[in-house]
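Written below as structure tokens is the structure these notes are about.
Coordinate-derived values only; no laboratory data. In this text, all values refer to a predicted model and were calculated from it rather than measured experimentally. Here the Cβ positions follow ideal geometry from the backbone for every residue, glycine too, while neighbour counts run over all protein chains shown.
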């Protein structure tokens, strides 16, 4: 049996061979170290990006907000279904024009009258409330939703029977196909995706957007549109929070709707971590709004409460949780928004416009959103800097699409 002999190549000494082997081993070790360093650097980069994203989301939540609370009884005082719908549309228009972040529909009658109940899904989940509460909230949600998403979230319903009569909000986030903006509202689609991939989202364009998160179908999401690759055919985006567009661009991004069964729930079910730091009640029994100094009412989250036909006092009386007798004790400021009024009564939809207009110079946000200076949003008086892309013909750009909303 022959023995295996480790033969050396001809012309090379064992010292040279060992030197080459050590050199190759050293080279392999160096390559391993380089790969390890690259992996560590990549992991650190991912962690830094995640930390940066977390800080950005935290910053978004710190933006000062304006909330208004509206009584549902104003709908019951309307004479017909058409007028009830139009009244809700007036409130939605006022909230949009003055960039309100949250609209709270509260029941100011309570259990005194045994009226019909109904269900609606709001920002806190499915709520069972008085029919007028649900109808007002549903119409507010319908108008705030971009037109291309309404068929997904609002099936045919009696509350929306006359919604076609309403004036459109024409809010900045109601984007059209021709608008090129880096954020869009969308709905997650029920489509199969590859393992490790996120949901397909319909954002009102000709094709769906591939996102970074896998979510249940039928959810409304806000998508940051990512720059398209040179040879990329698919649209890609990243799902962000609802407050991100306004925090990063300054564009008003609509309002949320919440239902409160009583006046006390307007305060106790506040969605913000530290609650409302400034509360303002409106009543003809309050102090004149002129007594508030200009830009002296500083706030992070301000709440403005409006009364119904019989005022906030009636809502206080019907709420068993509140033990105070004077409505002014519930608020930091209890104001009369229009002293020396010419009419005996100011309707709630009128009071909202008057109050928000009068308080513009009184309130000072601690973390005010930036002023929008970009482009890509539908042309309007609020965004005069927008210039249509030169790729489109002048005839297409001059078409006014607002009447089709």
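A compact table of results
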item	result
Bridge type composition, the range 176-319 - antiparallel percent by DSSP, nearest 5	70 percent
The range 259-290 residues near the modelled residue 310 label - backbone nitrogen below 19 Å, point 7 Å along Cα→Cβ	261-265, 282-286
Net length gained if the chain between residue 17 and residue 191 were fully extended (0.36 nm per residue, minus Cα distance)	56.6 nm
Added length on full extension, which subtracts the Cα-Cα distance from 0.36 nm per residue, residue 332 to residue 219	36.9 nm
Rounded D (µm²/s) - the range 261-359, Kirkwood Rh over Cα pairs, Stokes-Einstein at 10 °C, 1.306 mPa s	112 µm²/s
Highest-MSF residue in the chain out of 371, 305, 266 [GNM, Cα springs under 10 Å]	371
Distance in nm between pseudo-label sites at residue 364 and residue 40 (7 Å out along the Cβ direction from Cα)	5.1 nm
Efficiency of FRET from Cβ geometry, residue 297 and residue 269, R₀ 22 Å, rounded to 0.05	0.40
Between 0 and 90°, nearest 10: helix 14-61 axis offset from the chain longest Cα axis	0 degrees
Residue-averaged 222 nm ellipticity for the chain, from DSSP H runs of 4+ at -39500 (n - 2.57), nearest 500	-9500 deg cm²/dmol
Gain upon complete extension [residue 97, residue 238; 0.36 nm per residue less C-alpha separation]	47.9 nm
Principal-axis tilt of helix 81-97 within the chain, Cα atoms, nearest 10 degrees	60 degrees
Separation of the residue 375 and residue 150 label points, Cα + 7 Å toward Cβ, nm	3.0 nm
R0 of 60 Å, Cβ-Cβ distance residue 31-residue 128: FRET efficiency to nearest 0.05	0.35
Neighbour-count ranking [beta-carbon atoms within 10 angstrom, fewest first] of 148, 272	272, 148
Two-site label geometry, residue 226 and residue 119: point separation in nm, points 7 Å out along Cα→Cβ	3.8 nm
Spatial extent of the chain: Rg and Dmax, with the Cα atoms as the point set, Å	29.6, 122
Euclidean distance between Cα centres, the range 143-205 to the range 58-104, Å	20 Å
63, 33 arranged by Cβ crowding within 10 Å, fewest neighbours leading	33, 63
